[in-house]
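Here's the structure, in structure tokens; my notes come after.
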Amino acid sequence: MTQAVVVQVGQCGNQVGRRFWDLALREHAAVNQKGVYDEALSSFFRNVDTRSSGDGSESHKGKICSLKARAVLIDMEEGVVNEVLQGPLRDVFDSKQLITDVSGSGNNWAVGHKLYGCQYRENIVETLRKTAEYCDCLQCFFIIHSMGGGTGSGLGTFVLNLLEDEFPEVYRFVTSVFPSGEDDVITSPYNTVLAMKELNEHADCVLPIENESLFEIVNKIHQMINSGKLGSTVKQNSLVTSSAGGAKPGQEKPFDTMNNIVANLLLNLTSSARFEGSLNMDLNEISMNLVPFPRLHYLVSSLTPLYTLADVHVPSRKLDQMFSDAFSRDHQLIQADPKHSLYLACALLLRGNVQVSDLRRNIERLKPSLHFVSWNQEGWKTGLCSVPPVGHSHSLLALSNNTCVKPTFIELKERFMKLYRKKAHLHHYLHVDGMEQSCFSEAVLSLSDLIQEYDELDVTNGGPRTDPSRLKIAV
Amino acid sequence: MSIVTVQLGQCGNQIGHEVFNAVCSDVRGTHGLCSKKENESYHEACKERFFCEEESEVPVARAVLVDMEPKVISQTLSMAARSGHWKYDERLHFCQKQGSGNNWASGYSVHGPRHKEAIMNLVQKEAEKCDRLGGFFTIMSMAGGTGSGLGAFVTQCLRDAFPNSFILNHVIWPYSTGEVIVQNYNSVLTLSHLYKSSDALLVHENDAIHKICAQLMGIKQISFRDVNQVIAHQLGSVFQPAYASEGGSQYSRNPLGDLMETLVPHPEFKILGLRNIPQMPENSLAYSTFSWPGLIKHLRQMLIANAKMEEGIDWQVRPPRPGPCSSPSHSANKPLHFNTSVANLVILRGKDVHSADLGGFRDPSLYTSWLNPQDAFNAWKTPRAFNKYEKSAALVSNSQFLLKPLDNVVGKAWNMFASKAYIHQYTKFGIEEEDFLDSFTVLEQVISSYTNL
């Protein structure tokens, strides 16, 4: 069994992270009836016997004593991290896992990346090493951050760089929250494009998320509940947005519902690696199957169902509906429509009481309406995990490597150019030691190249006009 | 002689477990429909082949379990132990923490060499427990990373370490609509490597077995467990003891050797397929009657028309008329969808088995011209019924049955290779483009050989 370490950077990263750990505990509590520290728990938690002396590097087998998250929390202002340390999850984190400062990054990528990066490099490497040492077999780092600000964006991508240098064999999955068009941070396009260059070059897989999409999903669920049609028959803890059953009942913060969706995404992504199933799908398999070319590693994700009705019996029509929803525009976690763009590859990870025949039936049904690239006509990666998420009898996570991310990137580039042409706010960045104009031009070039690659695929439909001729054997 | 089973990867371990289950429950059953003496003989022969009688109360399967991640093996070991009727030798398993990531290169070039010694040690231990080693039976899938990549490497090691033993690879052909995106690459690399070190490849196609579950077994929500149980039943019907010659008094002691001898006359033709008849849900058995002529007729047509099960057989396909056949490309004489065989083996189990007439299988027009039909066809029989079927017949055939799927897989892999997609994932671990080209060449050769039968 392998372990994963979560690195949460910046305000957004830490807020999402907080929801993740809460829901992770909830999920394991639901599955782990005997209170024994098992393999599944060890993927995200250490079991520390706090009474014994020593630095807690030995994971105590047997009964659960005190679970410590395999996490590193980084923020250049103290507000969010302090809240965590005072909240109900405080015992889950070790004070040595936190790296904080006081003044923040001022929504400035350069401050986050160059200034704080330099300053805290030693500290960060040390903390990461420690956390990695506690792991028997570390497979993956999950970085959670936002792209539009200063710390998450700048320092977050600095950490990404570090991880590649210090732990080249460990996979780097990055969950990035992209700013929407009406973001109130004026310089967010700069921060995002500068950060994207780093993601292009150093991440193994990126799961982009847009707040707008999360917001729409929250609204949709709200409408469903309040419309009176379903009303009280929805199981509260099954909502993909709910914290019910977690550590903090009731007192929800504003972004919590949206962040729960992202937390659930990460839980579902790692479910097949933690729990058993008839067709396991590990994290290294996700990277292997969904990344045909090194730079095209942006995966659009969708989670279904968004809620479960309290009726226990789910006819197979409902099951099929779950598959259809996974491909619909309003279930995607970014503003994109994969159905009308070109698929390079697609992964379906099913949890719960779903069998291979249901899977095959639905793939057959949905295939005709999806456009796959010519050299990957049956580009499906599938996984079946027997353990369903809390409150559901089954669920589906779909990850698509699809050219529908192109419009998002093109829009981002336009917003960047609007500011850059006028050199607006540039001086805030160039002030910082180590930051030069070339950083900007290289970053936008990297983004342009990426857009170009997706474009070429769209235009040529991924392949030559005719099938390449096979090798001929002399008889 | 005993067979040592090597279960590789998730698929290999899941299927291996079902095979031992099927074999064990067949032996324990009271449905033998034959004399007590016969039953005891059968029991003894089966035990010698598959199980080892150690000091424990239950028979211990002669198997080595290998996987690059622990979940499946621990599940398999505990399920076997819980059955109460047989178990695995808990020491003879090898696993690591992190799987192969569906990457053939990772399985073959990284995990293989790294763990060669440990794995071969376990195999050696299991082999030493056998009084006489009859050969190796490896179970793997082609689509993933461990079964395919590590499996190909282990097969090579087996060949090097045991140059005089038979090696039969049981290979699972993945669903054509995808289980793993890079399955075509993995399949091409696996098949080309196995072709060099293995004696024969026994192939089961997931699509075909799925259809059997849906249409013959009437299962509504088919799980991998159901698929694996059908596969296990089919394998059991071949490898359970039988008499290899008419009037033989003893159960054949060398199943793998006999199989190879009858079915693999030429090293260019190593691909074997399996058909089994009848297949039906257990609760229908009581209401069904079978006759040997009926079963044999269906089986023969399944062979000729390349049908995978007894429903939906195309009865229009007929063998070509025997006629002057002087042209070298005699395939021109044969109707396009006729399945030509190199060699066939039919195994009959059950009541009145000696009355069964297998003349239809000796028809020379079924076979390619360079083998005598007497040599090309063999039959094994036993009056002992298998797994509650009063009469059952299995056909192991070396024929063109896999030609189309093989051609498809090679075509799709080639298409993907031409666009260079995913290649960086393989070169990362040391499998270069030349290695791919070599594999394509080997398989195009195999396709060409089978096409020109």
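If you place +1 on the Cβ of every Lys and Arg, -1 on the Cβ of every Asp and Glu, and leave all else neutral, what size is the dipole of chain A about its Cα centre, to the nearest 20 Debye?
Details: 45 positive and 55 negative charges, 238 e Å.
My answer is approximately 1140 debye.
In terms of modelled amide H atoms, which long-range or inter-chain residues lie less than 5 Å from the amide H of A:Cys385?
Excluding prolines and chain starts, which carry no amide H, the hits are A:Leu350, A:Arg351, A:Gly352.
How about A:Lys130: which lysines have a C-alpha closer than 19 Å to its C-alpha, ignoring those fewer than 8 places off in the same chain?
Cα-Cα hits under 19 Å: A:Lys68, A:Lys96.
Taking θ as phi - 60°, what are the ³J(HN,Hα) couplings along segment B:413-429 by the Karplus curve (6.51, -1.76, 1.60), each to the nearest whole Hz, with x for Gly and Pro?
Each residue's phi maps through the Karplus curve to give 5, 5, 4, 5, 5, 5, 8, 6, 5, 6, 4, 4, 5, 8, 5, 3, 10 Hz.
Based solely on its DSSP helices, what 222 nm [θ] is calculated for chain A when runs of n ≥ 4 H residues each add -39,500 (n - 2.57) and the sum is averaged over all residues, nearest 500 deg cm²/dmol?
-12500 deg cm²/dmol
Excluding residues fewer than 8 places away in the same chain, name every one of the aspartates and glutamates whose C-alpha is closer than 19 Å to that of A:Lys472.
B:Glu268, B:Asp407, B:Glu433, B:Glu434, B:Asp435, B:Asp438, B:Glu444
Please work out the Kirkwood hydrodynamic radius for chain A, using every pair of different C-alpha atoms, and report it in angstroms with one decimal place. All intermediate terms of the calculation are to be shown ahead of the outcome.
On the way: mean 1/r = 0.0434 Å⁻¹.
Hydrodynamic radius (Kirkwood, Cα only) of chain A equals 23.1 Å.
Averaged across B:141-148, how many Cβ atoms of other chains sit within 10 Å of each residue's Cβ atom?
Going residue by residue through B:141-148 and averaging, the value is 1.
Compute the distance from the alpha-carbon center of segment B:37-108 to that of segment A:94-165, in whole Å.
Using only Cα atoms, the two centres lie 46 Å from each other.
Which peptide among A:278-288, A:118-128 comes first, and what is the full order, when sorted by highest mean count of other Cβ atoms within 10 Å?
Details: A:278-288: 23.1, A:118-128: 15.4.
In descending order of packing, they fall as A:278-288, A:118-128.
Which whole-Hz ³J(HN,Hα) couplings does segment B:169-174 yield from phi under the Karplus relation 6.51 cos²θ - 1.76 cosθ + 1.60, θ = phi - 60°, glycine and proline marked x?
Those phi angles translate into 9, 8, 10, 9, 7, x Hz.
Once every Cα of the protein assembly as shown carries one equal point scatterer and solvent is ignored, give the base-10 log of I(q)/I(0) from the Debye formula at q = 0.08, 0.11 Å⁻¹, two decimals.
-0.79, -1.32
Using a simple charge model, +1 on the beta-carbon of Lys and Arg, -1 on the beta-carbon of Asp and Glu, nothing else, what dipole does chain B show about its Cα centre, in debye to the nearest 20?
Dipole size: approximately 680 debye.
May I ask for the longest run of chain B untouched by chymotrypsin sites (Phe, Trp or Tyr not before Pro) that are loop-located per DSSP and have at most 14 neighbouring C-beta atoms (other than their own) within 10 Å?
B:1-314
From a point 7 Å beyond the Cα of B:His337 in the direction of its Cβ, which residues of segment B:260-303 have a backbone N at a distance under 18 Å?
The answer is B:298-303, whose backbone nitrogens lie closer than 18 Å to the label point.
Diagonalise the Cα gyration tensor of segment A:411-460 and give the resulting equivalent ellipsoid semi-axes, square root of 5 times each eigenvalue, largest first, whole Å.
Each semi-axis is the square root of five times an eigenvalue, giving 27, 12, 6 Å.
Would you mind checking A:Lys318/B:Lys388; A:Lys381/B:Lys404; B:Lys129/B:Lys211; A:Lys339/B:Lys412 for any pair whose Cα atoms are more than 31 angstrom apart? Walk me through the numbers on the way to the answer.
Values: A:Lys318/B:Lys388 38 Å; A:Lys381/B:Lys404 23 Å; B:Lys129/B:Lys211 39 Å; A:Lys339/B:Lys412 23 Å.
The answer is A:Lys318/B:Lys388; B:Lys129/B:Lys211.
Cut-off is 10 Å between beta-carbons; in what order do B:Thr146, B:Thr262, B:Thr427, A:Thr408 appear when sorted fewest neighbours first?
Listing B:Thr146, B:Thr262, B:Thr427, A:Thr408 from fewest to most nearby Cβ atoms yields B:Thr427, A:Thr408, B:Thr262, B:Thr146.
How large is the convex hull of the Cα atoms of segment A:315-376 per residue, expressed in Å³ as a whole number?
So the per-residue hull volume is 99 Å³.
What's the average, rounded to a whole number, of partner chain beta-carbon atoms within 10 Å of each residue's beta-carbon in B:223-232?
3
Using the basic label-point model (7 angstrom from Cα toward the beta carbon), what is the B:Thr441 to A:Ser441 distance in nanometres?
For B:Thr441 paired with A:Ser441, the spin-label model returns 4.8 nm.
Starting from a Cα-only point model with no solvent, please compute log10 I(q)/I(0) by Debye for chain B at q = 0.08, 0.10 1/Å.
-0.44, -0.70
Over the whole of A:274-282, what's the average partner chain Cβ count within 10 Å per residue? Rounded to a whole number, please.
Per residue, the number of nearby Cβ atoms from other chains is 5 on average.
So, with +1 on the Cβ of K and R and -1 on the Cβ of D and E, and no other charges, what is the size of the charge dipole of the protein assembly as shown about its Cα centre, to the nearest 20 debye?
2120 debye
Using per-residue counts of other Cβ atoms within 10 Å, averaged over each peptide, order A:10-20, A:68-78 from highest down.
Those peptides, ordered most packed to least, come out A:10-20, A:68-78.
Ratio of segment B:404-452's C-alpha Rg to 2.2 N^0.38 Å, to two decimals? Can you show the working numbers first?
Details: Rg = 11.9 Å, N = 49, 2.2 N^0.38 = 9.7 Å.
Rg over 2.2 N^0.38 Å, computed on Cα atoms: 1.23.
Got a sec to turn the phi values of segment B:444-453 into Karplus ³J(HN,Hα) couplings, 6.51 cos²θ - 1.76 cosθ + 1.60 with θ = phi - 60°, whole Hz, x for Gly and Pro?
4, 5, 4, 4, 4, 4, 5, 5, 8, 4
No value in this document is a laboratory result; all are computed from the given coordinates. These numbers come from a predicted model, not from an experiment. Methodologically, a virtual Cβ is constructed for each residue, glycine included, from the backbone with ideal geometry; neighbour enumeration extends over all protein chains shown.
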